[in-house]
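Novice: Below: one structure in structure tokens.
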Amino acid sequence: MKKRTILYLAAFAACSVVFSSYYTGVATTFGLDCTGAETALNNPMGCDINGACHTHTLHQTWINVDLELDSAGVPTTHYTGGMTYSVKLIGTNTTNDSLPIFGFQVTSIFGDTAAPIPTNAGTWTTPFPFGTHYSPPQTNNFNLGLMEQNPAHSVTTGTGRLGSTYVVAINWTAPVTGSGDVSFWGVVNAVNNDVATTGDNFNFNHLVIRKWQQPLGVSAYQPLARYKLSVFPNPATEYININYLLEKPSMVSLKIVDLMGKEVMVISKGTANAGIQFNAVNVAWLSRGIYYVMLNAEEKQYSEKLVIQ
């Protein structure tokens, strides 16, 4: 507790300096997790460090915060172990206050609720976007790996007033082991950059993502060995699983095309390891009709008809 008290005093003394240049993240600078995911070690929910820095206003109607997990550019509600996704943290200024600069933190844990000592879920995947960095757990300060700004960001869209957005997207690879829900916790701190401790706003949110349940038993994998490519459910309305088998590491191109052969979605492109590949894809945005899932791998092409209802 003495260490944390000293930390708060140091944070208070540093405020006038940090405001002029904005610090490289509260985890790195002050040893704090402000996402709300962990409740032990006196970590605050939000960006007000025990009242020492920023006189914040926490109000859902002033700064809105949302999180998305994107698969091939499309938001998804489920994850497949080992797949890489994009985690998008989005803040929006809903006032006329000028808040042109922002900082953030985002983390991922197993389970759908905050915990005293939660468990990290998945891996934040390099390369990280410009102006962000990973802060690993710090003994006696916080238990989770955190992504945060390095240094502060300017607004993503707008001038900093009404409707301006604060957006960051970071690659995240889903855990291969473990089961059940994963949740993402993020906080956006929008500041007026006036080198003072008043008029800034923050808010936080979290997003729960379910794990796709893969088919079990030998019989579920036999069609892959015979046909290479499997699409289910089919017909589909919202989500599909696209699975295929590689006998050796290969360059892979997996996409969906319409009846005219026009590409409507690229699911994956690049090198994949040998073995069964799992892909969970959101197709709710596709119009009703017939499409084809096209796989190029091992110098061969495979296709499966896909019906969207």
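Novice: Taking 7 Å along the Cα-to-C-beta vector as the label spot, tell me the Y302-L162 distance in nanometres, rounded to one decimal.
Specialist: The two pseudo-label positions are separated by 5.5 nm.
Novice: Over the Cα atoms of the stretch 218-308, what Rg and Dmax result, in angstrom?
Specialist: My reading of the Cα-based Rg and Dmax gives 12.6, 36 Å.
Novice: Would you pull out the residues with amide H under 5 Å of Y79's amide H, same chain only if 5 or more places away, H placed 1.01 Å from N?
Specialist: Amide H to amide H, under 5 Å and 5 or more residues apart or across chains, Y79 pairs with R210, K211, W212.
Novice: Lysine pairs in the stretch 218-308 with Cα distance under 18 Å, only those 8 or more apart or on different chains: how many are there?
Specialist: Lysine pairs meeting the criterion: 12.
Novice: A further question follows. Could you tell me the calculated FRET efficiency between A284 and A40, based on Cβ-Cβ distance and R0 = 51 angstrom, to the nearest 0.05?
Specialist: Rounded to the nearest 0.05, the efficiency is 0.85.
Novice: Mind checking which aspartates and glutamates have their C-alpha under 20 Å from K88, skipping anything on the same chain fewer than 8 residues away?
Specialist: D33, D66, E68, D70, D112, E148, D181
No value in this document is a laboratory result; all are computed from the given coordinates. Computed from a predicted model, the values in this text were never measured in an experiment. Positions of Cβ are backbone-derived with ideal geometry, glycine not excepted, and every protein chain shown enters the neighbour counts.
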